[in-house]
Amino acid sequence: MADSGVTDGAEKKEDITRVKNEGKELSKEEKQRLRKEKKSQKKNKEKKDEQDALASEREKNCAPSTLSQPAAHKEPAASPPVQAAVSEPPAPAAGAPPADKPAKSKAELKAERRARQEAERASKPGKKGDPGPQSTAGKPKAPPSELQPVVKRLPEHVQVDNPEVLKKLAKKLERQQIPLRSDYGYKVSLFSHLHQYSRKAPLTQQLSIPSTVIHPVIVRLGLQYSQGIVAGSNARSVALLHAFKQVIRDYVTPPNEELSRDMVNKLKPYISFLNQCRPLSASMGNAIKYIKKEISNIPSQCKEEEAKTKLQDCIDRYIREKIVLAASAISKYAIEKISDGDVILVYGCSSLVNHILCEASEKHRKFRVIVVDSRPRLEGREALRRLVKHGISCTYVLISALSYVLPEVSKVFLGAHALLANGYVMSRVGTSQIALVAKAFNVPVLVCCETYKFCERVQTDSFVSNELDDPDDLMVTRKGKTQLEGWQQVSQLGLLNLVYDVTPPDFVDLVITDLGMIPCTSVPVVLRVKNVDQ
Amino acid sequence: MPGADKNTDLSERIEAFLADLKRGGTGAGPLRGSAETARETTALLRRITAQARWSSAGDLMEIIRKEGRRMTAAQPSETTVGNMVRRVLKIIREEYARSRGSSEETDQQESLHKLLTSGGLSEENFRQHFPTLKANVIEAINELLTELEGTTYNIAMQALEHIHSNEVIMTIGRSRTVEDFLKDAARKRKFHVIVAECAPFCQGHKMATSLSQAEIETTVIPDAAIFAVMSRVNKVIIGTQTVLANGGLRAVNGTHTLALAAKHHSTPLIVCAPMFKLSPQVPYFPFSPSHSYEQRSVTHSLWWVRREILSKVNVYCPVFDYVPPELITLFISNIGGNAPSYIYRLMSELYHPEDHEL
């Protein structure tokens, strides 16, 4: 590879101008040649750009947060091309006629090439691809980053019908020494792209004892997830963060390894294990991203004890700020919306909504609550217990009685599992139904959600990305007879136990977050503000 | 004496029927479908016509009205009983008019001209005695019984006109009419059925097992997932407990949600209801528990609740939902398909306006 960065840069410029003038796609050989030049340039640029700490910080933070967790050790590698994009465009932009358009098209081509490189690197085993680099956020004249093409990797848990993906997953789990969980029961054809597990066959049965790869606190957590003992997105995130704190406490850096890289490598099999026990929720995904970022930000000269304390403090702060304080902020806003004499309808058990109602009753607001519940989870029982303990007068109905109770309801409060970037609310199955019928009866629907549950994904229906729970839960015994007992033997019968569904934004009147009360469609604005802040 | 025996035997049968109706409502006795109730009511009315002592049509109508009131009071939610009583009353009126020799149309319909020219109350008091009236009425009731027996078959026969292949059909709870409808279509076409289980009694489970045994691909979903899967459904086919006079339905709870979800996705909602379910009642607004709603025992949904919570909580478990006619696309009955806006006309052909209040 040529070592003179200057000549390479000059050649590069020629290529770019040639392509721009000819206006046709680069051929395969040209692409490869350009790639090689790019790599050599990168090596030079790495030495030059170590002083560009500030720019790199902003670049990293501009990378879109997707569900695929970017590996921390790839970020130092990923930032050079990003930084190269920052430093390169100003250079030709200064030299070439300072028109915005030429700079943009060069950057676009570069970004495309980089995206291809990343895709190539991502296809190699064991490496997770960083999503397409965000090159434009640092540029003063360039348009905002949303216009750049982003290469996203589809998460594995929605590609169950693709045998290649399954094979890759099996190989990865084998390498991490984690057992693969097998699907259970007949899957309805509309959902053949999703996993369906049985609660009676937890993953821990396939683990050897003692497990040397997975920390015991993680094993316990995985079991709690798969059996439904820890359920609800806040509870799961907090449990996950506490478990990681314990992991960090017990961590010992092996010799000749850096804490910031090795710890992330240690965390990866844990995350795969938890994912196998139960697919990660959006809130958990965001929490994991935060932890990985914090770990990789630990400077290499930091002592181990200091680093570990720092990380534990970070986690504590995250829990305190994003979950606990957010809950108080949200209840402050929400209590303004509750007036005396209100009849409030809630669905299932949302820790946030329960918190709001308990605080409101402590502030001596007079209202009564209707708790709507649904089979097969029957989570409303827990909500009912908590509310009655606080002395709130409650009514309990099943979701099929919704049209019966709605005429006397003044407001509906719903919790959310995640808020998607197109304004859709992803929540427990049945939430969209409640919002629909409430809309038909002209009852306002308010969704309460912390900002850490906001998600960059977009989704329009409840099919493409969902979770299938154990189908045996639908069986019920009435008068000593279980109708669906032998459903596995009947070839034409399928049971569908969905966990989540998406509510369109036109059913939701208001979203109450810790940043204030916003309409459903403002979610991408909040995400952008959050990214820029960080 | 044969007369007295007949009377006691008749009253015994009536009492037994009333007791059955009462028990059927609480769910403790044998659960009977509406078709069976209709048939048994009509058979009982035929027996009353045959065995009771009456001399003119007016007497017979009085007797039947009296028994009808007792029967509807025993089980107000079972509207087929009242419907059959009204049908029989209409039969008696028709037979009486035919015996008198006057044509049916001028007597049945109240035209503006007739109102102006008659100048006063109708002179019809059904006091004339006709010897053949009894036989005619019994024959007409027999025809009614034949019609009742053929309703499910007639509805199922229309199945192929409405279901095409590879369709996804959604239904809720358990309706024998819909079950036969789908099974008939499945003989010739392949389609997929999604059944909403309809908690807390989960009749949908029985429907699903029965359909899957007829080689129909079936999926059971909980009630909460109705809106989530509705986007993939091509048609919604449901049964109902009663068809009200304005074209609305009184159907099993959860049907209103299903209808709203279907409306949101512009999915056609088809109701399979035989004619004997058509009732001259109109829905009361606003609904209150004392009117047309009934609450079943809530123990099914509450067995898990501890006593200290139970005392502070109200639990509701309504049995029926009201579905307004705007949400319904089509009614399929044994006499063919109709729009909800046509129901009032069908009702005027089945019942006489003076019989609407028994």
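The values are calculated or read from the model by the stated rules, or taken from the named source; none is laboratory data. Being a predicted model, the structure only gives us computed values, none of them experimental. Virtual Cβ from ideal backbone geometry, glycine too; neighbours counted across all protein chains shown.
Figures for the structure shown
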{"read-out": "Residue list for segment A:479-516, filter: farther than 30 Å from residue A:184 by Cα and exposed (fewer than 15 other Cβ atoms within 10 Å of the Cβ)", "value": "A:506, A:516"}
{"read-out": "Lone qualifier among B:142, B:154, B:166 - being at pLDDT 90 or above and not in a helix (DSSP H, G or I)", "value": "B:166"}
{"read-out": "Of residues in segment B:314-347 being outside any helix (DSSP H, G or I) and among the small types (Gly, Ala, Ser), the one nearest to the other protein chains (Cβ to nearest Cβ)", "value": "B:339"}
{"read-out": "Pair list, Cβ < 7 Å and 6+ apart or interchain, from segment A:426-441 residues that are within 7 Å of chain B (Cβ to nearest Cβ) to residues that are part of a loop (DSSP other than H, G, I, E, B)", "value": "A:429/A:499; A:430/A:374"}
{"read-out": "Strands (runs of 3 or more DSSP E) enclosed by segment A:364-426 - at least 2 residues per element that are β-branched (Val, Ile, Thr)", "value": "A:367-373, A:394-398"}
{"read-out": "Odd one out for residue B:346 among (1) in contact with a helix residue (DSSP H, G or I) (Cβ under 8 Å, 6 or more places away or on another chain); (2) modelled with pLDDT of 85 or more; (3) under 22 Å from residue B:75 (Cα atoms); (4) not hydroxyl-bearing (Ser, Thr, Tyr)", "value": "(3)"}
{"read-out": "Meets criteria (among the basic types (Lys, Arg), closer than 20 Å to residue A:236 by Cα and either more than 29 Å from the chain's Cα centre (by Cα) or within 14 Å of chain B (Cβ to nearest Cβ) (or both)) for residue A:385", "value": "no"}
{"read-out": "Residue check, residue A:396 within 8 Å of chain B (Cβ to nearest Cβ), touching a helix residue (DSSP H, G or I) at 6+ places or on another chain (Cβ under 8 Å) and buried (at least 23 other Cβ atoms within 10 Å of the Cβ)", "value": "yes"}
{"read-out": "Any chance residue B:157 is farther than 27 Å from residue B:266 by Cβ and within 24 Å of the chain's Cα centre (by Cα)", "value": "yes"}
{"read-out": "Enumeration of residues in segment A:443-462 that are among the aromatic types (Phe, Trp, Tyr) and either part of a strand (DSSP E or B) or touching a strand residue (DSSP E or B) at 6+ places or on another chain (Cβ under 9 Å) (or both)", "value": "A:454"}
{"read-out": "Residues located in segment B:172-188, provided they are away from every other protein chain (no Cβ under 14 Å), in contact (Cβ under 8 Å) with a residue 60 or more places away in the chain and of a type outside the set (Phe, Trp, Tyr)", "value": "B:175, B:176, B:177, B:178"}
{"read-out": "Residues that are modelled with pLDDT of 90 or more and either among the small types (Gly, Ala, Ser) or surrounded by fewer than 15 Cβ atoms within 10 Å (Cβ to Cβ) (or both), drawn from segment A:518-534", "value": "A:519"}
{"read-out": "All positions within segment B:64-89 that are touching a Phe, Trp or Tyr at 6+ places or on another chain (Cβ under 6 Å) and over 20 Å from residue B:251 (Cβ atoms)", "value": "B:86"}
{"read-out": "Filter result for the condition that a residue is modelled with pLDDT under 85, within 11 Å of chain A (Cβ to nearest Cβ) and surrounded by 20 or more Cβ atoms within 10 Å (Cβ to Cβ), over B:311, B:301", "value": "B:301"}
{"read-out": "Residue in segment A:348-359 that is on the phi > 0 side of the Ramachandran plot, buried (at least 21 other Cβ atoms within 10 Å of the Cβ) and either within 14 Å of chain B (Cβ to nearest Cβ) or polar (S, T, N, Q) (or both) present", "value": "yes"}
{"read-out": "Any hit, segment A:320-330, residues being crowded, with 17+ Cβ neighbours inside 10 Å and free of Cβ contacts under 8 Å to residues at least 60 places away in the same chain", "value": "no"}
{"read-out": "Pick from segment B:189-235, criterion of a type in the set (Lys, Arg) and either more than 8 Å from chain A (Cβ to nearest Cβ) or crowded, with 19+ Cβ neighbours inside 10 Å (or both), ranking: nearest to residue A:479 (Cα to Cα)", "value": "B:206"}
{"read-out": "Qualifying positions in segment B:212-236 - farther than 13 Å from residue A:490 by Cα and either of a type in the set (Ser, Thr, Tyr) or assigned to a loop (DSSP other than H, G, I, E, B) (or both)", "value": "B:222, B:231, B:232, B:233, B:234"}
{"read-out": "Hits in segment B:251-271 - residues which are closer than 30 Å to residue B:143 by Cβ and either at pLDDT 95 or above or surrounded by fewer than 24 Cβ atoms within 10 Å (Cβ to Cβ) (or both)", "value": "B:270, B:271"}
